[in-house]
1. Just to be sure, is Glu84 more than 24 Å from Ser29 (Cα to Cα) and out of contact with any Lys or Arg (no Cβ under 8 Å at 6 or more places or on another chain)?
2. In the stretch 19-45, which residues are touching a residue at least 24 places away in the same chain (Cβ under 8 Å) and of a type outside the set (Gly, Ala, Ser)?
3. Report every pair of residues separated by at least 6 positions or lying on different chains whose Cβ atoms are under 9 Å apart, first residue within the stretch 150-177 and at negative phi and without any contact (Cβ under 8 Å) to a residue 12 or more places away in the chain, second of a type in the set (D, E, K, R) and crowded, with 20+ Cβ neighbours inside 10 Å.
4. For the stretch 70-80, how many residues are surrounded by fewer than 16 Cβ atoms within 10 Å (Cβ to Cβ) and under 20 Å from Phe16 (Cα atoms)?
5. Just to be sure I understand, how many residues within the stretch 81-98 are in a loop (DSSP other than H, G, I, E, B) and over 27 Å from Phe16 (Cα atoms)?
Amino acid sequence: MLRKWRRLDEPGLEVFQILPDADGFRATSTIVHAGAEAFGVTYVWLLDRSLRTRQLEVRVSSPIERETMKIERMPDGWLVDGRERRDLVGCDEIDMSATPFCNSLAMRLLKGSGELTALYVDVPSLQLSPSRQRYEALGPHRWRYIDLGVAAGFEADLKVDHEGFVIDYEGLFEALD
């Protein structure tokens, strides 16, 4: 599946593709963000057959620097660039700020209204932190996202397609397909 998302709050575009691989799925993407802080992002997101994160490799480029980060799921936590991060134990799934793809993973994990703790990846800084989130199912293709952690108080309505991928993220992203 190929998907393109346009940023609504600042100029930006993401071109995303997800395909099956031997162990589940491989999602690849390129993001160009031309807002107040210009940067580019590429990522490879490896998922199991249930669309749970196995590994995320992110590359961020800006006019002044380039950074990479590799996050891997362990049975009882997360490795970041090969180092165990005890502060991220209890994080259920990854939420990367630059893409609406991660919201689809959270909604699929919850299978209905509920809360989870996300491993929040701030882009472009690549700072990591646990962040509590709530998703409320409003209908077969509509959800309400409520941030209870890093951006506490932020709320947005989400619309998803028949496969559960975000097609409209209120105020932030819309699918161009």
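1. On the way: more than 24 Å from Ser29 (Cα to Cα): yes; out of contact with any Lys or Arg (no Cβ under 8 Å at 6 or more places or on another chain): yes.
Judged against the criteria, Glu84 is a match.
2. Taking the stretch 19-45 as the starting set, the residues that turn out to be touching a residue at least 24 places away in the same chain (Cβ under 8 Å) are 21, 23-25, 27, 29, 31, 33-39, 41, 43, 45.
If the condition is that a residue be touching a residue at least 24 places away in the same chain (Cβ under 8 Å) and of a type outside the set (Gly, Ala, Ser), then Asp21, Asp23, Phe25, Ile31, His33, Glu37, Phe39, Val41, Tyr43, Trp45 are the ones that fit.
3. Ile167/Arg3
4. Selection size over the stretch 70-80: 1.
5. Step one: filter the stretch 81-98 for residues in a loop (DSSP other than H, G, I, E, B), giving 81-82, 85, 89-92, 97-98.
Filter once more, keeping what is over 27 Å from Phe16 (Cα atoms): 85, 89-90.
Qualifying residue count for the region: 3.
Where a number appears in this text, it was derived from the coordinates with a stated rule and is not lab data. Small disclaimer: the values here were computed from a predicted structure and weren't measured. Quick reminder, even Gly has a Cβ in these numbers, built from the backbone with ideal geometry, and neighbours come from all protein chains shown.
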